[in-house]
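First comes the structure, then the notes that go with it.
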Amino acid sequence: MRSLFNMTSRTTTAALTAAMLSASALTLVPSTADAVPPGGYADLVEEVSPAVVFIEVTAKAARASETMPPQMRRFFGDQMPGQSGPRQGLGSGFIISEDGTIVTNHHVVAGAETVKVKLADGRSFDAEVTGSDPMTDIAVLKVMADVALPTVSFGTSETLRVGDEVVAVGNPFGLGGTVTSGIISALSRDIRSGPFDDFIQTDAAINRGNSGGPLFNNAGEVIGVNTAIISPGGGSVGIGFAVPSDLVQAVVDDLADDGQVARGWLGVNIRPMTEEVAQVLGYDTPKGAVIEAVSKDSPADAAGLQKGDIILSFGTVEIADLRDLTRAVATTTPQEAATVTVLRKGREITLDVTVGTLKPNEA
């Protein structure tokens, strides 16, 4: 699973002062920008921990925990990938509504026969999986309680910066409420786990049992869901990934309707522009998405898109690489009209397309 963060404040810029007394030492003077809260994170943890839950799952059989290279891990509970037979698994999650709506990872609950959630105060509830989206690895659970449950709120991931401090609470190795901290190491990471990769990278020590757990900013807002790590040997090496909160919120809202995510569909096979083509066209770097094939009777076919067209923009989104087009189309409401700008035989043209609905087999 995934988890938290090794942290020492690396976001603070440090001013170096030399003090030469006999054999002298260097003194680090940190700035106050983005600093750890005075006294540490104790107040924040006290506020958010009651809403972080620990998930116990009985699965029908062992599931592959990875749809990515072997060094990339999506751990399910306390068992390693490749084991077979019915088993128990552990994960994490967080409550977003007083009536018991819980967010976690899809891979934590996929194939589950039973799901139980345990709160930090010891209360335990049976949970139902009300919706799950494997393409973003987000799932929504529901528990029934006779009192209002503690909650946490989403913050926006749009304004995150590399170097920002983050805190995570989760259930690594089944140990229960564990808190770690660290920084955002990178943004918009593509780890080749799916078509919508846009991960927050952190130096958090994410381990099995942490998947589905929240990543908080200094205001106690959820800005990510811990999901995967790069792990050549199976343990944390300080390179973890979280699904950004803005994407999580959109998926959770969509799942609330019928337990599924409705995504737009264009109906084209695409590839990147090559360096050679970019040079011929006068671009500094490759951009856009080159159409290799157009599906018959698809929205792209109806709009007049052709093999060899280079899609430069879709709606208001400029297409710098293939992920831009994939996300732009997928996040467009089915049956909604969009304007597509393509480069065809050296000339830019604009076409109108009505986006279709992506079916599971087309994903």
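Summary table below
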read-out	value
Amide hydrogen neighbours beyond the local backbone of A228, cut-off 5 Å, H modeled	F241
Kirkwood-type radius of the range 225-301, with distances r between different C-alpha atoms, in Å	16.8 Å
Probe 1.4 Å, accessible area per residue of the range 115-269, Å²	38 Å²
Cα gyration tensor category, rounded, prolate or oblate, for the range 227-358 with a/c compared to 1.5	oblate
Cα Rg, Dmax, the range 191-275, angstrom units	15.7, 44
Distant-in-sequence amide H partners of I270 (H built 1.01 Å from N, under 5 Å)	E292
Model label zone, A278; criterion: amide N under 12 Å from point 7 Å along Cα-to-beta-carbon; scope the range 319-363	320-322
Pairs of alpha carbons in the range 296-343 whose separation is greater than 18 Å (percent)	25 percent
Heavy-atom accessible area order for L322, L175, largest first, 1.4 Å probe	L175, L322
Projected area, mean over directions - the range 83-193, Cα convex hull, nm²	8.6 nm²
Accessible-area ranking of E318, E165, largest first, probe 1.4 Å	E318, E165
From phi via Karplus (6.51, -1.76, 1.60), per-residue ³J(HN,Hα) for the range 282-297 in Hz, x at Gly/Pro	x, 8, 5, 9, x, 7, x, 10, 8, 7, 8, 7, 10, 5, 5, 6
Coordinate range along principal axes, alpha carbons of the range 140-214, Å, largest first	41, 25, 25
Solvent-accessible surface (1.4 angstrom probe) belonging to E128, in square angstrom, nearest 10	110 Å²
Two-decimal log10 I(q)/I(0) for the range 110-254, as the Debye equation yields it once each C-alpha is a single scatterer, q = 0.09, 0.10, 0.11, 0.16 Å⁻¹	-0.27, -0.34, -0.41, -0.90
Solvent exposure ordering (accessible area, 1.4 Å, most first) of L281, L141	L281, L141
Table column - 3J(HN,Hα) (Hz), the range 239-249, Karplus curve with 6.51, -1.76, 1.60, x for Gly and Pro	10, x, 9, 10, 6, x, 4, 4, 5, 4, 4
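The values are calculated or read from the model by the stated rules, or taken from the named source; none is laboratory data. What you see is a predicted model; the values in this text were computed from it and never measured. Don't worry about glycine lacking a Cβ; one is built from the backbone with ideal geometry, like all the others, and counts go over all protein chains shown. The accessibility values were calculated without ligands, DNA or RNA, using every heavy atom of the protein model including side chains. Shrake-Rupley method; radii C 1.70, N 1.55, O 1.52, S 1.80 Å.
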